[in-house]
Amino acid sequence: MTVFEKPKALTDKPFHYCPGCTHGIIHRLVAEAIDELDIEGRTVGVAPVGCAVMAYDYFACDMVEAAHGRAPAVATGLKRCMPDHIIFTYQGDGDLASIGMAETVHAATRNENITIIFVNNAIYGMTGGQMAPTSLPGQVTQTSPYGRDVATVGLPIKVSELLSSLDAPYYVERVAVNNVKNVRNAKKAIKRAFQNQVEGRGFSLVEVVSSCPTNWGKTPEAALQWIDEKMIPYYPLGVYKDRSKEEEQA
Amino acid sequence: MADKVLMKGNEAIAEAAILAGCRHYFGYPITPQTEIAAYMAKRMPKIGGVFLQAESEISAINMVYGVAGAGFRVMTSSSSPGVSLKQEGISYIAGADLPALIVNVQRGGPGLGGIQPSQSDYFQATKGGGHGDYRLIVLAPSSVQEMADMTAKAFELAEKYRMPAMLLADGTMGQMMEPVELPEPSESKVEKPWAVTGTKKERKHNIINSLYLNPEELERTNFERYERYKTIEENEVLYESYKMEDAEYCVVAFGIAARVSKNAVNAARARGLKVGMIRPITLWPFPKDVLAKAAEQVKGFLSVELSMGQMIEDLRLATACRRPVHLCNRAGGMIPSPEEVLDALNKLKGECEA
Amino acid sequence: MAKVSFSVDLCKGCGLCVSACPKHLLVIARDKINQKGHSPAEITDQAACIGCAFCATMCPDCVITVEK
């Protein structure tokens, strides 16, 4: 019996990601969720600008490539004209938390019934390793060569915390994909974010703390350790917003 | 024949869009076109349509991009500064070969400019506006009736050629009330096998995209698009020719400027000056051939514009500078009076006969 | 009996499966090279595999299929 194989919701196209980049794991988790909920035929994904720009080639469902940061707006359009379809975006930290912050916050506050997979690896990967809104204090990048100086460029944005301050969004959780246990939790969160949409619950965002070995200048294994040592202490994992809990209590 | 109703230009656009089967509107308030959004906000929920006030013009046009990708008739509207913000999305819509309608009820610029009527977005509308090689079909109505008719036409052309179309009006046209006979209801008749409506696991996935990392492939899409543009230039040019049969001078004007100019043409004729007018209705494709032909007939041209002179460049190109081309213009929200146009015509005559 | 198989030519040799294996059965085959030009991962002792799929869970490139 096969206990583990490539999900059907992925195409046969090999990922272009660098060796050890955990984008591939997150793609797989999204595809597993789509398979398990049996929604591939009515799902439309929205790809970002950034490392995952070619996500449209990897997911077997219909796909739209959005302009940088605009995926939540594009997804809003898709969902509003096809309310029974399942619409998700897959976005990085530059895309979602920098240039697309307005689109993100407003989709959240409309409780738009879409699913957002937000990959936070604290750096701009595609352009070669520049500072992201989520780069850690002191983190050396191409555009913060002396380390992120919080006195001049401020502190990182904690997207899950920020969005959970809004009343409207249904579900916000932060997970990581740096070890087997965390990947399994990430899978549960991602599946739930899709399940919420199937049930018409509203805006569901999963922030996935991910690695960028190439631009962090680390081996794939060391990059996963860095997530444990540096990223997770700054970006604690957990459920930040869960209106199903609030509704239970009410 | 349907009864005429008295409507504001902006409202005529909105109702005509609904009659053309548009059930998705995304916009952001800006003077002087907000009536379109207000009208849609009122009507869409009653007819099972979608009105959504976006967080920005940028979001609005990207919502349009999403709906257009799914193959539905969709529109947004704005005024000059807001249309500047939409340019990114328009470029993507053009690059992904999607049909959509963008309405620009122009106001004075640059920058925040003013809220009075203008035609100073002519370059932006007809020369591309955003980045990359692309065109918009640009329709320039000059009456409330045409605002309604051209809205329906814009949807049709956008779908026929899989590209964004723009209705280019101005503040006066938007606010003006006139009797209008609303167009018959219509709907999309174009098959859209490319739309992202879900694979149903019955076909390979569709991808709405404008990214091509292979330059040869990207070049091919550009050439293919320009082949389509050539067809449009051959088949879709619209213009009005007014008293041109025996004209010795030709006024060229569109939109509100054409209404003023028509009065000036009549006044000139009353004074014995043989003047006619060619009014481009499609600004792109520009009525090049009819103007080139007019250059064989008339002694000079007068471009009347609510800008510092933008269409005049296309006029000079179309007529290959074979005749003098003068400009009669006001800017910043001012409209030339028929007297000013008449004065300019007399000056043109003076120069041509000197 | 559990069995892991590798789509060798998809492997980028990142080694995340190697460190995930609780039985330390996986290695990067430094003496081999796949179509992509990477040294791929492989299993040293198929019989000792417990089929936990930790390796496949951590593989970013869907290289590994696990049967039990």
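For the reader, a short list of remarks on this structure follows.
- Taken over segment B:166-291, lysine pairs spaced eight or more positions apart, or on distinct chains, with alpha carbons under 28 Å apart number 15.
- Summed residue charge, Cβ within 11 Å of residue C:13's Cβ, Lys/Arg positive, Asp/Glu negative: +2
- Stokes-Einstein D (µm²/s) once Rh is taken as the Kirkwood radius of segment B:239-353 over alpha-carbon pairs, at 25 °C in 0.890 mPa s: 182
- FRET efficiency, 1/(1 + (r/R0)^6) with R0 51 Å, evaluated for residue A:166 and residue B:347 via beta carbons: 0.25
- Applying the Kirkwood pairwise sum to the alpha-carbon positions of segment A:99-192 produces a hydrodynamic radius of 14.9 angstrom.
- Taking a sphere under 13 Å around the Cβ of residue B:43 and counting the other residues whose Cβ falls inside, with K and R at +1 and D and E at -1, yields a net charge of 0.
- At q = 0.06, 0.09, 0.10 Å⁻¹, base-10 log of I(q)/I(0) for the protein assembly as shown (Debye sum, equal scatterers on each alpha carbon): -0.41, -0.80, -0.92
- Max mean-square fluctuation residue, GNM over chain A, Cα-Cα springs under 10 Å, options A:217, A:50, A:69: A:217
- Set the Cα radius of gyration of segment A:40-89 against 2.2 N^0.38 Å, with N its number of residues, and you get 1.04.
- Most fluctuating residue given options B:237, B:260, B:196, as computed from a GNM of chain B linking Cα atoms under 10 Å: B:196
- When the alpha-carbon atoms of segment B:1-60 are used, the pair Rg, Dmax equals 11.9, 41 angstrom.
- Residues B:305, B:234, B:15, sorted so that the one with the fewest Cβ neighbours within 10 Å comes first: B:234, B:15, B:305
- With Cα atoms defining each centre, segment B:285-349 and segment B:136-162 are spaced 24 Å apart in the structure.
- Sites residue A:218 and residue B:47 - FRET efficiency at Förster radius 60 Å, r taken between beta-carbons, to 0.05: 0.60
- Relative frequency of Cα-Cα separations exceeding 14 Å in segment B:173-233, percent: 78
- Partner lysines whose Cα lies under 20 Å from the Cα of residue A:230, excluding those fewer than 8 positions away in the same chain, are identified as A:158, A:181, A:218.
- Per-pair calculated FRET efficiency, R0 = 22 Å: residue C:9 and residue A:127 via Cβ, rounded to 0.05: 0.15
- The ranking of A:146, A:17, B:92, B:65 by Cβ neighbour count inside 10 Å, starting from the fewest, reads A:146, A:17, B:92, B:65.
- Model label points for residue B:6 and residue A:199, set 7 angstrom from Cα along the Cα-to-Cβ axis, are 5.5 nm apart.
- Debye intensity ratio I(q)/I(0), log10, segment B:4-235, q values 0.13 Å⁻¹ (C-alpha model): -0.72
- Placing pseudo-labels 7 Å out from each Cα toward the beta carbon at residue A:228 and residue B:231 gives an inter-label distance of 6.1 nm.
- Environment charge of residue B:268, counting only residues whose C-beta is closer than 14 Å and scoring Lys/Arg +1, Asp/Glu -1: +3
- The phi-based Karplus calculation (6.51 cos²θ - 1.76 cosθ + 1.60; θ = phi - 60°) puts the 3J(HN,Hα) values of segment A:171-183 at 8, 9, 9, 10, 10, 9, 10, 9, 7, 4, 4, 5, 4 Hz, whole numbers, x for Gly and Pro.
- Sparse-neighbourhood loop sites, GluC sites (Glu not before Pro) in segment B:128-205 - DSSP loop, at most 13 other Cβ within 10 angstrom: B:187, B:191, B:202
- Every Cα-Cα pair of segment A:23-249 was included, and the share exceeding 31 Å stands at 15 percent.
- Helical content alone sets the calculated 222 nm signal of chain B at -13000 deg cm²/dmol, taking -39,500 (n - 2.57) per DSSP H segment of four or more residues and averaging over every residue.
- One way to sum up the overall shape of segment B:59-98 is the equivalent ellipsoid from its Cα gyration tensor, whose semi-axes run 17, 11, 7 Å, largest first.
- Directionally averaged shadow of segment C:3-67, computed from the convex hull of its alpha-carbon atoms, nm²: 3.7
- Computed from backbone phi with θ = phi - 60° and the Karplus coefficients 6.51, -1.76 and 1.60, the 3J(HN,Hα) list for segment B:337-354 is 8, x, 5, 4, 5, 4, 4, 5, 5, 5, 5, 4, 4, x, 5, 5, 9, 6 Hz; x is used for glycine and proline.
- Range in chain A, longest, excluding exposed GluC sites (Glu not before Pro) [loop by DSSP; at most 16 other beta-carbon atoms within 10 Å]: A:6-198
- Ordering B:52, C:16, C:25 by the number of other Cβ atoms within 10 Å of each residue's own Cβ, fewest first, gives C:25, B:52, C:16.
- Gain in span if fully extended, residue B:317 to residue B:131, counting 0.36 nm per residue against the direct Cα distance: 64.7 nm
All of the numbers you see were taken from the coordinates with simple rules; none came from a lab. Here the structure is a predicted model, which is why all the values come from computation and not from measurement. Please note: Cβ atoms are built from the backbone with ideal geometry, for glycine as well, and neighbour counts cover all protein chains shown.
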